Amino acid sequence: MKILRLALSHDLRTDIPQEERQYVHAERVLQEATGSDWETVLKPIWPTERLPALVERWASEEQPDLVLLCLAGYWATFASVALRLERNVPIVGGQLARFARRTAETRMAAESRFTEVVRDLATRVAGVEYNFDPEELVALFEGILRRLLQDERLTIAVRGPGLTPQKTSRRLQLERARRYQTWEGGIRAVCERLHVLYLQADPLLEDLRSGVRLPGDPAHYTLDGTRVHGRLEGELMARAWQSAHPPVAH
């Protein structure tokens, strides 16, 4: 049995052992629930206009039994100064953006009070931009789900986006929250209309204080976080599979 996992960066991390990766935990839970052997094919996604055709091709080539679509809040809610510079300041903006990203990816710098002050100042002076608008994401993934649903043998489940914690101004926190509500609420409504099983992110679990997010890199999970989310995704897939393939009464 095969899972096509339309994956996020959590699944590609090399800083944790293979057996502890999120998709491995999810696969293990599904195997225990169904009593069948499963293998996972990872296909990392980024929501560009090319994605629907890619997903269609992957589904055709891999012939999966189950598709798990993993969605990121980051795409619509991460307020990025670097992206603002890249898009609006010719030549110099790209150089500054690369420097800003390298600094943010340094764990010590990311956690420092000095970096917070600099980030806040840059946000006020340069402004921010987001990778994608929430409305375009909802439309894109509704189209992808409709394409997948044309294959009646496929079981489909959707792991909804979480709101990645980000230290920024109160104004931007409110803006991020509005964008997240549009993105998450929109795709959840799509799944309800299409009768696709959906896993909604738990805001308490996503909170920095819960211990599932990496300090200095809250877009990714701790080892405990990968276990928790892997279990939740495995349970989601098991429910979807068992709903589509109920036991035959004798």
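Among residues other than R176 with Cβ under 14 Å from its Cβ, the summed charge is 0 (Lys and Arg +1, Asp and Glu -1).
Let a ≥ b ≥ c be the square roots of the eigenvalues of the Cα gyration tensor of the stretch 169-218; is it rounded (a/c under 1.5), or, if not, prolate (a/b larger than b/c) or oblate? Taking the square roots of the gyration eigenvalues as a ≥ b ≥ c, the stretch 169-218 is oblate.
Compactness check for the stretch 134-250: Cα Rg over 2.2 N^0.38 Å is 1.23. Using the Cα gyration tensor of the stretch 191-250, with a ≥ b ≥ c the square roots of its eigenvalues, what is the shape: rounded (a/c below 1.5), prolate (a/b larger than b/c) or oblate (neither)? Cα axes put the stretch 191-250 in the prolate bin. Highest mean packing first, where packing is the average number of other Cβ atoms within 10 Å per residue, the peptides 182-193, 230-241 line up as 230-241, 182-193.
Read-outs: derived from the displayed coordinates by stated rules, not from any lab. Nothing here was measured: the structure is a model prediction, and the numbers come from that model. When we count neighbours, we look across all protein chains shown, and the Cβ atoms used for this are built from the backbone with ideal geometry, even at glycine.
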